[in-house]
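Every read-out reported here was derived from the displayed coordinates using simple, explicitly stated rules and does not represent laboratory data. Keep in mind that what you see is a predicted model, and the values were worked out from it rather than measured. Because the Cβ atoms are built from the backbone with ideal geometry, glycine has one as well, and the counts that use them run over all protein chains shown.
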Amino acid sequence: MGTGRAAPAAIALTAFIALGGCTSSAEGVNTPGLEAPGTVLTTVKPVRQDVVNKISLTGKVAIDPVFGIVAPHGGEVRYLDKRPGTTPVKEDTWVASVWRDGQRTEVEIPKGSKLAGRLMPDRSTVTEGMPIISAKHGGYGVVAEIDSAQAYRLNGSAQTVRGQIKNGPGPFTCKPLGTVAALPEGTIPEPPPPTEPTPGPGETQKQETTPGEQTEPAGGSESTGLRLVCTAPKSVKLINGAEVTLEVVTGKASKAWVLPIEAVAGTSGKGKVDLVDDGRTRKTVDVVLGLTDGRYIEIKSGLDGTETVAVPGPDIADAPPAAGGDPNAVPSGPAG
């Protein structure tokens, strides 16, 4: 019986010793065997390799999909007096011009499409790449919706697109149409009605409006989301509504400096990385970013390849306290 009573006492003594040897984190003493908070544990160095910006999209076959045509450069857009067509044009057709420094650049809708509308008022000032015309492809096309996470990776022309119809033909080359944007059909104003003669004394001016009259878009087109529209070869049998997987390549870079995406804050244009010195302290620097394949991202400038970079990369700063909040309040965190 004596032996049976000694065991719980021994356990309690062990627990007392263990607890007595610990110091709470609130007293500022680190737990033995763990690094101090903020210590850099993982680092990488830039390496050179090829990068291909390749994205997979899910789409569907659609009839007469709408696509946008952009301004080739900045300037003033001037539209030709063209009406929306009921049949596809048989050749590339001039529908607008962009003027800059007295020089005109023609804007055309492609063969096999129909004019849908204007996306800007006539004689508006536009910038390069701004959608100014909407058109309809005549017949079947493939339409793939693009979410916000993919938008910047697709910001630019699609170099190659390959499609595979679910339980159907493929893979096949899919020719992109227009810009990567879903746009409304736009409007084309009706010609002004004939000028009425000036009424004589005692006569009343007759007021008429053209039936179905449309006006210029007041401030440009509304945002309707992003989409890619492309067309399959005539040899590929398409069925309206059939599901399609698209593989889109928008760019390639050879022997570029790259880092894992986890080491970089930002995914397009300008970003930041944390450099680590011999004392394992961080220094945040700016870099210019290029292509990404989803795992690695191109570093176009800002590093020379000799640096040691922390993983993960810099954090986004916390938002300031809401108005009326207690600036001295301690942020809540996980219990522990």
Exercise. Kindly state, to the nearest 0.05, the FRET efficiency for Asp147 paired with Asn167, given R0 = 41 Å and r defined as their beta-carbon distance.
Key: 0.95
Practice problem: Rank the residues Trp94, Trp257 as a footprinting-exposure proxy: fewest other Cβ atoms within 10 Å of their Cβ go first. | Solution: Trp94, Trp257
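Within 13 Å, Cβ to Cβ, of Pro233, how many net charges do the neighbouring residues add up to if Lys/Arg are +1 and Asp/Glu are -1? Each step should come with its number before you reach the end.
Numbers: positive: Arg162, Lys175, Lys234, Lys237; negative: none.
Once all neighbours under 13 Å are counted, the net charge is +4.
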Quiz item: So, counting K/R as plus one and D/E as minus one, what does the shell of residues with Cβ under 12 Å around Asp286 add up to?
Solution: +3
Practice problem: Multiply the residue separation of Lys111 and Glu128 by 0.36 nm, subtract the distance between their alpha-carbon atoms, and state the gained length in nm to one decimal. | Solution: 3.8 nm
Self-check item: Cut-off 18 Å (backbone N to label point 7 Å along Cα→Cβ of Lys175), residues of region 118-135
Solution: 135
Quiz item: For the residue pair Thr284 and Thr160, what label-to-label distance in nm results when each label sits 7 Å from Cα along the Cα-to-beta-carbon direction?
Solution: 4.0 nm
Quiz prompt | Computed label-point distance, nm, for sites Asp315 and Ser254 using a 7 Å Cα→Cβ extension | solution = 4.3 nm
Quiz prompt | In nm, spacing of pseudo-spin labels at Glu76 and Arg295 (7 Å Cα→C-beta vector) | solution = 5.3 nm
Quiz prompt | Förster radius 30 Å - calculated FRET efficiency between Asp304 and Ser268, Cβ distance, rounded to 0.05 | solution = 0.85
Exercise. Determine by what factor the alpha-carbon radius of gyration of region 66-138 differs from 2.2 N^0.38 Å, reporting the quotient.
Key: 1.03
Practice problem: Neighbouring Cβ atoms within 10 Å as the yardstick, rank Phe67, Phe172 fewest first. | Solution: Phe172, Phe67
